[in-house]
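Colleague: Let me begin by handing over the structure; questions about it come next.
Please treat every number below as a calculation from the coordinates, not as lab data. Please read these numbers as outputs of a predicted model, since none were measured by experiment. As a convention, Cβ positions derive from the backbone with ideal geometry for all residues, glycine included, and neighbour counts pool all protein chains shown.
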Amino acid sequence: MSHYYTKTNDQLDSLKRNVQFKIHDHLFQMTTDKGVFSKSGLDFGTRVLLETISIQPHETVLDLGCGYGAMGLVINSLFRSSVTLVDINQRAVQLTKENAEKLKLNVTVFQSDGFSNVNGTFDVIVTNPPIRAGKAVIYRWFESAKTYLNDNGRLILVINQNQGAPSAITFLKEQYQTVDILDKKSGFYVISCQK
């Protein structure tokens, strides 16, 4: 069976739909489809993260596991940061490209299994990690992110308390110099980890 966190879902029928949501009084309209994360609209965890973070225009950002592009495209639009978006799922990558074009945003989008095709370093890595892929996968992301962060760079993620936030925080504190909880809402933790 194909999941949103796997490479292809060619056997899934396509059923594109348009969704809209507001972040900081800016209205965004994007296209989603079957086989991508949160196909019915902006998920609550991503919303909490986007309403919490602040990115500087000069900072470079990697959206790791971008889905249809909501997080990275909103960041590029609101903060004017240079954003790269990656996902293992080819359908998600294609949707992100279409959404970036529709929103007239200049971003870099490509397929990557975690960091496998990522080169260079970033000031900020943001992710709503694929919890259903398993702890081994997401903890590998958390650990590997250090290699792709500039000095004093930040990994910013959102994770639900019921999906392992407390144990993830313990693990992150072993990996990073500083770990801060930026916000906590309805069980979702927005966590910033500084290299």
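Colleague: When you have a sec, figure out the Kirkwood radius of the range 46-132 from all distinct Cα pair distances and drop it here in Å to one decimal?
Modeller: So the Kirkwood estimate lands at 12.7 Å.
Colleague: Between rounded, prolate and oblate, where does the range 44-194 land on the alpha carbon gyration tensor, with a ≥ b ≥ c its root eigenvalues, rounded for a/c under 1.5, else prolate if a/b exceeds b/c?
Modeller: In terms of gyration-tensor shape, rounded.
Colleague: For the pair LEU27/GLU143, report the inter-label distance in nm, with labels modelled 7 Å from Cα in the Cβ direction.
Modeller: So the label points at LEU27 and GLU143 sit 4.7 nm apart.
Colleague: A follow-up question, please. With the contact rule set at Cα under 8 Å and sequence spacing of 6 or more, what percent relative contact order holds for the chain?
Modeller: Dividing the mean separation by the residue count of the chain yields 18 percent.
Colleague: So how do ASP63, ASP13, ASP43 line up by other beta-carbon neighbours within 10 Å, fewest first?
Modeller: The order, fewest Cβ neighbours first, is ASP13, ASP43, ASP63.
Colleague: So for the chain: antiparallel DSSP bridges make up what percent, rounded to the nearest 5?
Modeller: Roughly 55 percent of the DSSP beta bridges within the chain come out antiparallel.
Colleague: At what distance in angstrom do the alpha carbon centres of the range 179-195 and the range 15-75 lie from each other?
Modeller: The distance from the Cα centre of the range 179-195 to that of the range 15-75 comes to 18 Å.
Colleague: With a 10 Å radius around each residue's Cβ, average the other Cβ atoms per peptide and rank 15-26, 154-165, 93-104, highest first.
Modeller: Going from most to least packed, we get 154-165, 93-104, 15-26.
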